[in-house]
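Below is one structure; the comments refer to it alone.
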Amino acid sequence: MRQLEEFEHLEDKKISTTSATFGLLRKELIENLGMKRAKSFLLRYGWNLGEAHAKDVLKAGGTIKEMLEKAGELHFQTGQISNLISNRSVEMDEHGNLLSISAKGEWVDSFEVEEHVKNHGLSACPVCHTLTGYGSGFTSTIIKRRVFIKEVECRGKGDAICTFEMRLEEDWDEPGMQEEIGLYEKSRFIDELNGTYEQVVEHKNYIEKAAAFHDTLTSKLSDGDSIEDIIGTIYDTLNIPVSIEDLNFEPRVYRGLDEIEYQNLSDDFRTAINKTKSGKILPATYTGTFIIRGKTHNRLVSPIIVQKKAIGYITFFYLDKEMELENETMFIRRAAVSAALLFLNEKTSLEAVENIKSYFFEQLLLKQYTSVPSMIYRGYYMGVDLKEPFYIATLKCSSEHLDVSKVEFLEQAIQSISRYLEMQSYKILITEYEGHILMLLPKVDRLRYMIENILKHLRQEHRHAEFQVALSSESDSIETIEESLEESRVALRLNAEDQIASFEDVSIIGSLINSKNMLSIRRIARKELEPIFELKDHKRDELLRTLYVFLMNGGNLQQSISDLSLSMSGLMYRITRIEKLLGKELRNPTVAYELLLMLDALKILGDIEV
């Protein structure tokens with residue numbers, strides 16, 4: 001016992017160690033106790049070290065300001081930093097008593113940053129706990145009042161420098177600082193064990209909840225439930241509002257929110273998400289699970305990946321903005337996988353159905369059916385009521401970088417449209433036909449808005465291609481479907497500028513050509529111009545263009561010479577030859593009018609290019 005008593009009365013021994021050794025100790029503490037308890041230990045360790053150094057400084061004596069100045073030198077001697085930059089404010093009364101103290105400063109080359117990043121990577125919060133505790137313990141011991149330092153910026157979490165603030169305990173009122181001050185309190189080992197046990201129990205409950213959630217979703221999938229049922233199950237199980245949205249973050253289904261609540265949260269979301277200067281959302285930047293923090297809510301979002309492509313998003317909504325969302329990632333990722341499996345199954349079924357629907361659509365276009373009632377009846381099975389009004393749309397694809405005429409590209413575009421419209425619950429017929437994509441679009445409210453969204457979706461999935469849709473006039477009978485197709489083609493030929501071209505908006509001549517007289521107009525025009533059409537391609541095109549320009553200029557020779565880049569003799573030679581071939585006098589107003597009308601009609605119908 002005598003030896004023990006002598007040992008207890010010896011002065012506190014100073015030992016030295018390396019930063020790597022301390023880093024190993026720090027790493028083991030974090031991995032075995034968790035970040036919070038390891039931080040508490042390191043803060044207390046730093047406090048005790050600072051307190052011990054302060055006691056040595058007190059023995060040497062001096063004013064409070066002089067003693068506080070030695071903190072930086074001691075920091076440097078211990079190898080914790082390479083330099084301390086500090087701006088300290090100390091206020092004393094006339095008797096030398098301290099009234100207030102505060103400081104701001106920077107730790108240069110913190111050894112804790114290097115060790116933490118080496119062993120754990122970048123942190124979400126500051127990591128210089130030993131330095132923080134050291135400064136707090138040293139200053140508190142010198143001035144004999146409790147002072148605490150808070151690290152504000154830290155290279156360990158990606159900041160450029162490590163900065164800190166120091167205040168008296170009673171001057172700290174920032175949220176969370178009281179909790180950090182509480183970490184300096186001594187705790188018994190049994191308390192640490194109880195805390196660890198509680199952590200294990202909490203983790204166990206989390207795993208059990210996640211496993212039950214997994215089993216529930218798996219059961220629903222095996223039962224063949226719809227996406228609406230799956231989303232309802234997610235909401236009922238987790239009690240978290242949830243939605244499925246497309247790539248434009250437009251909703252397909254949501255639970256736990258009414259329409260007004262959802263719209264308000266959607267508006268809040270769109271102000272917080274990344275957008276271009278023009279206000280367009282950039283969905284391609286969101287390829288993994290991510291958190292969006294709005295003004296009124298936070299949301300956790302995960303992409304739904306089907307065959308390595310995102311087809312939409314699943315979203316959890318949190319009105320409690322203080323809730324830690326990182327713990328919810330396991331649930332939303334499982335939900336995203338379940339939704340992906342459901343959509344993959346739907347995609348496989350959809351592709352089979354789409355092949356059948358495509359063949360059915362081609363039968364309609366080619367009129368390969370025995371009776372109209374039988375086709376209407378079959379249309380019911382395709383989800384399309386052919387007794388209701390519809391439009392025929394021609395989708396034109398163009399690109400400077402891709403061969404959009406390939407069947408593979410057209411099939412990809414068809415699949416993109418089908419997946420998108422399936423999310424919108426809008427049933428159409430679609431097929432590849434003579435190098436274009438054709439769609440039979442049932443009449444719905446805001447049809448143009450629907451088409452705009454289809455084009456937007458296509459541009460997002462096929463960024464190097466351009467798309468244009470041409471609409472026929474409204475039809476109420478599949479017997480006129482061939483004429484409706486021709487109307488959409490006319491609209492496409494007459495309007496190369498607008499993304500959505502409508503037959504109802506074509507020129508006067510185009511409007512005169514309707515589904516009932518297209519064939520007769522073509523037949524009459526070709527018969528009148530037959531002598532020219534019988535020539536070889538080069539001569540035919542040359543004379544047709546000369547005739548069209550001459551008639552468009554009202555017989556004005558000088559203007560025609562300029563437009564055709566011909567000499568007067570060259571123009572006269574062509575006009576004379578045209579008149580001989582057709583047996584008509586081009587300066588006769590009636591003849592000129594009829595010929596120009598025929599040429600315009602053939603141009604609209606796509607038979608000639610002049």
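The values are calculated or read from the model by the stated rules, or taken from the named source; none is laboratory data. Because the structure is predicted, anything quoted here is derived from the model rather than measured. Cβ coordinates were reconstructed from backbone atoms using ideal geometry, including for glycine residues, and neighbour counts include every protein chain displayed. With ligands, DNA and RNA removed, areas are computed over all heavy atoms of the protein, side chains included. Shrake-Rupley method; radii C 1.70, N 1.55, O 1.52, S 1.80 Å.
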(request) With all protein chains present, calculate the accessible area of Asp56 using a 1.4 Å probe and round the result to the nearest 10 Å². (result) 60
(request) Leaving ligands, DNA and RNA out of it, work out the accessible area of Cys162 with a 1.4 Å probe and give it in Å² to the nearest 10. (result) 0
(request) DSSP loop (so not H, G, I, E, B), at most 15 other Cβ within 10 Å: list which GluC sites (Glu not before Pro) in segment 367-435 pass both filters. (result) Glu400, Glu434
(message) Only four residue types carry charge here, +1 at the Cβ of Lys and Arg and -1 at the Cβ of Asp and Glu. Report the dipole size of the chain about the Cα centre in Debye, rounded to the nearest 20.
(response) 1640
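So, in segment 379-451, how many Lys pairs have Cα atoms under 21 Å apart, if the pair is 8 or more places apart or on different chains?
Lysine pair count for segment 379-451: 6.
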(message) Less than 17 Å apart at the alpha-carbon level, and either on another chain or at least 8 residues along: which aspartates and glutamates does that give for Lys39?
(response) Glu28, Glu31, Glu112, Glu114, Glu115, Glu151, Glu153, Glu179, Glu180, Glu185, Asp191, Glu192
(request) Please report the relative contact order for the chain, taking Cα pairs under 8 Å with a sequence separation of at least 6, and give it as a percent rounded to a whole number. (result) 7
(message) Per-residue counts of other Cβ atoms within 10 Å, averaged by peptide: what ranking do you get for 375-387, 94-106, highest first?
(response) 375-387, 94-106
(request) Report, in degrees rounded to the nearest 10, the 0 to 90 angle that the Cα long axis of helix 537-552 makes with the longest principal axis of the chain. (result) 90
(message) Between segment 36-60 and segment 542-576, what is the separation of their alpha carbon centroids in Å?
(response) 100
(message) If each DSSP helix of 4+ residues adds -39,500 (n - 2.57) and the sum is divided by the residues in the chain, what number results at 222 nm, nearest 500 deg cm²/dmol?
(response) -17500 deg cm²/dmol
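Leaving ligands, DNA and RNA out of it, rank Thr237, Thr590 by accessible area with a 1.4 Å probe, largest first.
Order by accessible area, largest first: Thr590, Thr237.
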(request) Could you check what % of the DSSP bridge pairs in the chain are antiparallel, to the nearest 5? (result) 95
(message) At 25 °C and a viscosity of 0.890 mPa s, what translational diffusion coefficient does Stokes-Einstein give for segment 318-400, taking Rh as the Kirkwood radius over Cα pairs? Give it in µm²/s as a whole number.
(response) 143
(message) So with the 1.4 Å probe, I'd like the accessible area per residue for the chain, rounded to whole Å².
(response) 54
(message) Order Lys59, Lys118, Lys357, Lys367 by their accessible area, 1.4 angstrom probe, all chains in place, largest first.
(response) Lys59, Lys118, Lys367, Lys357
(message) Could you compute Rg(Cα) / (2.2 N^0.38 Å) for the chain, with N its residue count?
(response) 1.57
(message) Report, in listed order, any pair from Lys65/Lys157; Lys220/Lys308; Lys308/Lys367; Lys65/Lys150 with a Cα-Cα distance greater than 28 Å.
(response) Lys65/Lys157; Lys308/Lys367
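Quantify, in whole percent, the carbon and sulfur part of the accessible surface of the chain (1.4 Å probe; protein heavy atoms only).
On the way: 16930 of 33070 Å².
Carbon plus sulfur share of accessible area: 51 percent.
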(request) On the full set of protein chains, 1.4 Å probe, figure out the accessible area of Tyr449 and give it in Å² to the nearest 10. (result) 90
